[in-house]
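The values are calculated or read from the model by the stated rules, or taken from the named source; none is laboratory data. In this text the structure is predicted, and so the values were computed from the model without any measurement. For neighbour counting, all protein chains shown are included, and Cβ atoms are generated from backbone atoms with ideal geometry for every residue, glycine included.
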Amino acid sequence: MADGVGYRAEPVGRESWRRSVIRGTLLLFGTLVLATAFIAAYAGALHQPTPKDVPVAVVRGDQPARMLLAAIRQQDRALKPIEYGSRSAADDALAGRDVYAVLASATGGGTPALTLVTASAAAPLAAQVIGQLVQVAAQRGQVALTVTDAVPIAANDPRGLVPFYLAIGLVLGGYLGSTVLGLTIGTTPRTVSRAAARIGGLAVYSALLGLSGALVTGPGLDVWHTHFPSLVGAGALAAFAAAMAAAAVQGWLGMLGTGLVILLLVVLGNPGSGGIYAPEFLPDFFRDMHLWNIPGLATDLIRAVIYFGPDATARPAATLAIWAAAALLLLLAAAAIRGNGVPHSWTRRRPHPAPQDPH
């Protein structure tokens, strides 16, 4: 029976069947390991979010604010004071997503007072925890406290999860796009020119995916109303970095590399992205993963584009660009070194049936 679209017949011969069973068993075992790792990573990272060293900016010479944060620190290590030389430097740190809040003495009036400026768009739960701890400490010290939110979360995204889900969709779409090409035309390009054509195709695909993601979350769901071109660019960069990372790994390891891609981008990348809980709420193993893993970088970039300025955008954008460039070079190297020696689906030919004796 001829193979149809999406159809593959079981092997006929006993030896072919035996090889297929062995290969299938090994693949199932690998899938079992990945699924178990998935459960362990998600449950381990997200089952008990505990704040630790959540950064709060304070001016070095502001004694009332420093003393209040020091008192909180003595009882609970949830908050970590980060000292800056001036209020403008502290505000810049808030705008750059280096801290989640700024605590400062209020000016004017004869009674002690403090102001707490948060940025809930960076991480709603972090801003909430900071506000609760500072308010309790201020009440205990009988100090008036005024809380303001300088960068509020979008009204249609009260939990602040849309940037994370958008980032996950972009990364998923990126590596699935590369995997689809690997399944249909082969994982390792035969020549550098074919690798370049694949890279061009994935770039166009990533641009379209970035556009569709921005259309869904913007005009479609009405979550955001501004920064549409920047959101398209950020989405395209995230998708392209994921697609190129998958293409590079698959170019060297074949389809077995897909398991490594899933481990990096899904099993570890999603819980370590800081998208559901801020990194400071995760176990130590996951805390810094958002600084280098593609899902975390994509989540940080989308949040920065929508809510913050260029200072917050530069680091994740540059790191994603490095991912894309490094993976691109690795794919070209795979084509140059391994391309001619790897069989591809488009070069396989079915053997012609042997002529049958009419007698």
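List of remarks:
- Any hit, segment 318-335, residues being at pLDDT below 50 and surrounded by 14 or more Cβ atoms within 10 Å (Cβ to Cβ): no
- The condition (being among the hydrophobic types (A, V, I, L, M, F, W, C), closer than 21 Å to residue 274 by Cα and out of contact with any Gly (no Cβ under 9 Å at 6 or more places or on another chain)) is satisfied by just one residue among 101, 65, 126: 126.
- Pairs with Cβ under 8 Å, 6+ apart, first in segment 265-279 and without any contact (Cβ under 8 Å) to a residue 40 or more places away in the chain, second of a type outside the set (Gly, Ala, Ser) and in a loop (DSSP other than H, G, I, E, B): 279/288
- For segment 168-225, the tally of residues that are farther than 12 Å from residue 331 by Cβ, crowded, with 16+ Cβ neighbours inside 10 Å, hydroxyl-bearing (Ser, Thr, Tyr) and touching a residue at least 40 places away in the same chain (Cβ under 8 Å) stands at 3.
- The residue of segment 140-160 that is farthest from residue 94 (Cα to Cα), among those that are surrounded by 13 or more Cβ atoms within 10 Å (Cβ to Cβ) and under 29 Å from the mean Cα position of the chain (by Cα), is 157.
- Matching residues, segment 276-305, being crowded, with 24+ Cβ neighbours inside 10 Å and in contact with a His (Cβ under 8 Å, 6 or more places away or on another chain): 296, 297, 299, 300, 305
- If the condition is being without any contact (Cβ under 8 Å) to a residue 60 or more places away in the chain, within 30 Å of the chain's Cα centre (by Cα) and surrounded by 14 or more Cβ atoms within 10 Å (Cβ to Cβ), then segment 27-75 contributes 57, 58.
- Helices (runs of 4 or more DSSP H) completely within segment 234-338 that count 3 or more residues being assigned by TED's automatic domain parsing to the domain that holds residue 214 and within 30 Å of residue 79 (Cβ to Cβ): 284-287, 294-307, 310-338
- Selection count where residues are in contact (Cβ under 8 Å) with a residue 60 or more places away in the chain and surrounded by fewer than 19 Cβ atoms within 10 Å (Cβ to Cβ), scope segment 116-139: 0
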